[in-house]
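S.K.: Have a look at the structure that comes next, please.
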Amino acid sequence: MKKTLTLLLLLCGSLYVPAQVPFPSYNAVWSYRHGNGEAMPDYVIVGTRTDDTVFGGNTYHKLYISSNDMVLDPAEYIGGIREGVGGQVYYINASGTTERLLYDFSLSVGDTIFTAPGGSAEGVVFNVDTVTIASVARRRLSFRYLTASVASGGTWIEGIGNSGLGGFFGSPLAQPTCDCANNTVCLTVAGSEKYHNASYAALDCDNIISVSQVADAKVDGAYVSLNPNPVTGAGSLQIAPASDFDNVVITDAVGRVVARMVVPADGLVTISAATMVPGMYIYHLSGHTTHTFTGRFVVE
């Protein structure tokens, strides 16, 4: 009897599989960074609220996207997501005409992932392990290119999605040669941070769109910087003379001009917050050449 019990315990232990971590459903916000080469990056949030929609008999959590503030408005509805019983996450567009497989956390080593919406084989899973994030053990899938043995650097993490390369919707394989990729920065659920990409540890997930998190922006080999950001009282916009920018126009978030200034010889422009209400503003640089540049800052 003792031998039988020992055998049963060994079998149970060998058959143990960690519980599937569900994909976030309501009040989830994924933020990602889109590189713009040598210019300042853009930040976007994608997320759910508390509403659903039904297409073809399937219930989807409505999905929204914002690139101008940290609020997901009804007008920013883009489609929906749902999770299947096997760990597959599907995205459908707002009209309900096209559904595609976004993630499949049930894949094993050697399985392929496919481009969307073309459906051709794109990469292969080369490693599956477990990582603990936010006190939860999660399955992690790492990928390599289909025709090469080297890793792509991208991973999927159960209950999170792309851990870095690819943002929310993209592939964990497509790595541009410039700083032009979409990269996941963080995931919050009901206001609680569940994941933060260590590569962007300094970024504030709660204000990632409202506040530019890049101190310096390289423009045609010259640098433009604004400090401090947020601006409290006064800020200094330093424009390298080599950039050839002559004029600065400051607008509010809806495009209304609040200030116009000429860039002095030393390139140091003072921004006074005394006449500005708290909020996000955009500075626009222009000169005698055709190139222009814009950057964001916040007044508190």
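S.K.: Using the Karplus equation 6.51 cos²θ - 1.76 cosθ + 1.60 (θ = phi - 60°), what ³J(HN,Hα) coupling, rounded to whole Hz, does each residue of segment 54-69 give in order, writing x for Gly and Pro?
M.R.: With coefficients 6.51, -1.76 and 1.60, one gets 10, 9, x, x, 9, 8, 10, 7, 4, 10, 10, 9, 9, 10, 10, 7 Hz.
S.K.: In addition: Counting every Cα pair in segment 28-207, what percent are over 21 Å apart? Intermediate results must be reported in sequence, preceding the final value.
M.R.: Values: 8075 of 16110 pairs.
Beyond 21 Å sits 50 percent of the P(r) for segment 28-207.
S.K.: Based on other C-beta atoms within 10 Å, arrange Tyr90, Tyr43, Tyr32 from fewest to most. Display every interim value, and only then the final one.
M.R.: On the way: Tyr90 17, Tyr43 24, Tyr32 28.
Result, fewest neighbours first: Tyr90, Tyr43, Tyr32.
S.K.: List Leu268, Leu107 from most exposed to least, where exposure is judged by having the fewest other Cβ atoms within 10 Å.
M.R.: Working: Leu268 11, Leu107 19.
Ordered by Cβ neighbours within 10 Å, fewest first: Leu268, Leu107.
S.K.: If amide hydrogens are placed 1.01 Å from N in the peptide plane, which non-local residues have theirs closer than 5 Å to the one on Asp52?
M.R.: Amide H neighbours of Asp52, under 5 Å, 5+ apart: Lys62.
S.K.: Amide H neighbours of Leu165 under 5 Å, at least 5 residues apart or on other chains, H built in the peptide plane: list them.
M.R.: Residues meeting the amide H criterion: Thr155, Thr184.
S.K.: For Asn197, list long-range residues whose amide hydrogen, built 1.01 Å from N in the peptide plane, is under 5 Å from its own amide hydrogen.
M.R.: Amide H neighbours of Asn197: Cys186.
S.K.: Continuing with the same structure: May I ask you to derive the relative contact order of segment 28-207, considering only C-alpha pairs under 8 Å and at least 6 residues apart, and to give it as an integer percent? Walk me through the numbers on the way to the answer.
M.R.: On the way: 401 pairs, mean separation 32.5, N = 180.
Relative contact order, segment 28-207: 18 percent.
S.K.: If I model a spin label at Asn68 and Asp129 as a point 7 Å from the Cα along the Cα→Cβ vector, what separation in nanometres do I get?
M.R.: 4.4 nm
S.K.: May I pose another question? Using only the alpha-carbon atoms of segment 80-169, report the extent along each of the three principal axes, biggest first, to the nearest angstrom.
M.R.: Here the Cα extents, ordered largest to smallest, are 37, 36, 22 Å.
S.K.: Determine the distance separating the Cα centre of segment 50-89 from the Cα centre of segment 135-164; give it in Å without decimals.
M.R.: 23 Å
S.K.: Need one number: nm distance between label points at His288 and Val109, each 7 Å from Cα along Cα→Cβ, rounded to one decimal.
M.R.: Calculated label separation equals 6.4 nm.
FYI, it's all coordinate maths here, none of it is from the lab. For clarity, every value in this text was computed on a predicted model and none was experimentally measured. Note: ideal-geometry Cβ built from the backbone for every residue, glycine included; neighbour counts use all protein chains shown.
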